[in-house]
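Every number here is computed from the coordinates shown, using simple stated rules; none is lab data. Note that the structure is a prediction, hence the values are computed from the model and not measured. Here Cβ is always computed from backbone atoms with ideal geometry, including for glycine, and neighbour counts include all displayed protein chains.
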Amino acid sequence: MPAQLYIHIAEVGIAFFAGLYSFRSLNKSLKILFIFTGLAFVTEISGSALIAAGIRNTIPGLHFYILLEFFLWALFYKSVLHPFFHKKIIIVIIILFESYTIINLLFIQDLYTMPNLVRSVEGLLLVLFSILLFSKFMVESKHREIQKEPIIWINTAVLIYFSGNFFFNILFNLILENSMEFSKVTTYFFTGLNGLFYFLIAFGFLLQKKYNSKN
């Protein structure tokens, strides 16, 4: 099994086990993200196991993973953005995106085609949610030491990761067609971005545990 797969498992594992260690201290919103890290951890392990067993194309699983990933992140933002951003709007966005993903799978792309456009739309929506949450913090002005807020670190992770992921998915097929060497570089870039994403989520979980232990 390629070393890169072990790295991905380790990256996700750090966030999952940090969430498991901090679970009793997590509020409802952060518990949604803990479920997400569990989903990601199981997906990475099962995908790597399939590759080790000789199955090279694990893209079919990605289509279903995106459905669940967006659903969990959208639930998280529905919780933390209220009442700054109306819950019903996020519910409508969830329904529209999930419907689009299913339609794409059934009528536009098959199971074995990389869902680049769907992944890009997902990234764009989550970046917008992230910007809205930063706006909420600025408008409310309740948090003087925002570096101590777990959600700030997690929201930063979303902004960085899904911004990079947006361009990665939009351009990946074009890069792959024109330069195999450069496509490898972008894959390394994604691995680093992935590691930063899960590290910041793990840090947010641990920060929540530290905060609760002092109260």
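Given R₀ = 22 Å, what would the calculated FRET efficiency be for Ala53 paired with Ile7, taking r from the Cβ atoms and rounding to 0.05? Numbers along the way, then the final one.
Values: r = 20 Å, r/R0 = 0.89.
Efficiency at R0 = 22 Å is approximately 0.65.
Per DSSP helix of 4 or more residues, -39500 (n - 2.57); summed, then divided by the residues of the chain. What does that give at 222 nm, rounded to the nearest 500?
Working: 7 runs with 172 residues, N = 215.
Mean residue ellipticity at 222 nm (helix-derived): -28500 deg cm²/dmol.
Testing the spin-label approximation: label points 7 Å from Cα along Cα→Cβ at Ser79 and Ile131. State their distance in nm.
Reported label-point gap for Ser79 and Ile131 is 2.5 nm.
Could you work out the relative contact order of region 1-213? I mean the mean sequence separation of Cα pairs under 8 Å and 6+ apart, divided by the number of residues, in percent.
Numbers: 206 pairs, mean separation 62.9, N = 213.
This gives 30 percent for region 1-213.
Out of region 12-84, which trypsin sites (Lys or Arg not before Pro) are coil in DSSP terms and have no more than 13 other C-beta atoms within 10 Å? Walk me through the numbers on the way to the answer.
Numbers: sites: Arg24, Lys28, Lys31, Arg56, Lys78; in loops: Arg56.
Here the sparse-neighbourhood loop sites are Arg56.
Considering lysine pairs in the chain that are 8 or more places apart or on different chains, how many have Cα atoms under 19 Å apart?
The number of close lysine pairs in the chain is 21.
Which whole-Hz ³J(HN,Hα) couplings does region 15-30 yield from phi under the Karplus relation 6.51 cos²θ - 1.76 cosθ + 1.60, θ = phi - 60°, glycine and proline marked x?
Whole-Hz 3J(HN,Hα) from phi for region 15-30: 5, 4, 6, 5, x, 5, 5, 9, 3, 5, 8, 6, 7, 4, 5, 6.
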